[in-house]
1. Pull up the cross-link candidates among the aspartates and glutamates for residue 266, meaning alpha carbon to alpha carbon under 18 Å and not fewer than 8 places away within one chain.
2. With n ≥ 4 as the cut-off for DSSP H runs, can you work out [θ] at 222 nm for the chain, using -39500 (n - 2.57) per run divided by the number of residues, rounded to the nearest 500?
3. Could you work out the relative contact order of the chain, using alpha carbon pairs under 8 angstrom and six or more residues apart, expressed as a whole percent?
4. Along each of its three principal axes, how wide is the spread of alpha-carbon positions in the chain, in whole angstrom units, largest first?
5. In the structure shown, do any of 148/270; 55/236; 110/148; 198/261; 112/285; 157/228 have a Cα-Cα gap over 29 Å, and if so which?
6. Please report how far the C-alpha centroid of the stretch 53-85 lies from that of the stretch 218-249, rounded to the nearest whole angstrom.
7. What does the charge add up to near residue 6, with Lys and Arg as +1, Asp and Glu as -1, over the other residues with Cβ less than 11 Å from its Cβ?
8. What is the local net charge at residue 161, summed over the other residues whose Cβ is closer than 10 Å to its Cβ (Lys, Arg +1; Asp, Glu -1)?
Amino acid sequence: MARICGFTFIRNALKYDFPVKEAIQSILPLCEKVYVAVGASEDDTRSYISGFSDKIVIVDTQWNDELRAGGAVLAEETNKAFHAIPDYFEWCIYIQGDEVIHEKYLSEIKSKIELHHSDDRLDGLLLNYLHFYGNYQYVADSSRWYRKEVRIIRNDKNFYSYRDAQGFRKNNDEKLRVRQINACVYHYGYVKHPARMKEKVNNSNRYWHSDEWLVKNAIVQDLFDYGKIDSLTLFKESHPAVMLPRIAKQDWNFTFDIHIKNRRLKERLKYAIERLTGWRIGEYKNYTLLR
């Protein structure tokens, strides 16, 4: 039976209201340990993370705030957690601080790791994504939201986190060879009180843009405007059980007419083709899919 470890990174989880506890809890049943790179924070993130499971191993880090291009610091922090994982673990499950895996997928993940464990061609497993937006009722469905990403990899230290922690590559910049599995990551990065969302976006932009850009583009109004979105659809299924207490505490309102589709003609055509065929024109794929 394969030995499985989890890993993630986080900083200022309480200040920016990241559901990182729920993220970690969602993979704990699959993992012997979860390594968490905890950046020096302005709140009690470290004690918060270390306090809810004896499976958690804290990796204390200091973020390099000089890495201001392309979100590279996120990949650097991911790598710190990954490289702390002992070699006796064979597979690793990566989860970001605003991602959660529904418990209904745990058996699928476990069985597919065991099924493909002996396949030396395989580097990782590919998961689907749902991107919640505004509140827990709506899912973003335009082509600018990625549909799939690699979140399960072998414990091979020749792998490294790519760009802004968007998947992984090998040391020779080769894409990982993966198989798709029937499991989904629920992404809650754009679901929080609009005041917190404003703070989070302004802070996060520091890791992609210059000071000059930040001055010109900072959100100055009190609340983040969730209404500036091209297309949403209703979510009619269940959320992960670990998310239910957080959902019950929602303290803001957001409604959206799902019949409104603010897509340009090109996007409308691409969306129609995708609905008919499943093919997303021009989709970026940071992986090689094995057949």
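Every number here is computed from the coordinates shown, using simple stated rules; none is lab data. As the structure is a prediction and not an experimental result, all values here were calculated from the model. Cβ placement follows ideal geometry from the backbone for every residue including glycine, while neighbour counts extend to all protein chains displayed.
1. Of all the aspartates and glutamates, those that pass the test against residue 266 - Cα under 18 Å, at least 8 places apart if same chain - are 141, 230, 274, 283.
2. After summing the helix terms and dividing by residue count, I get -7000 deg cm²/dmol.
3. 21
4. 49, 48, 39
5. 55/236; 157/228
6. Each part's Cα centre sits 26 Å from the other's.
7. +2
8. It works out to a net charge of 0.
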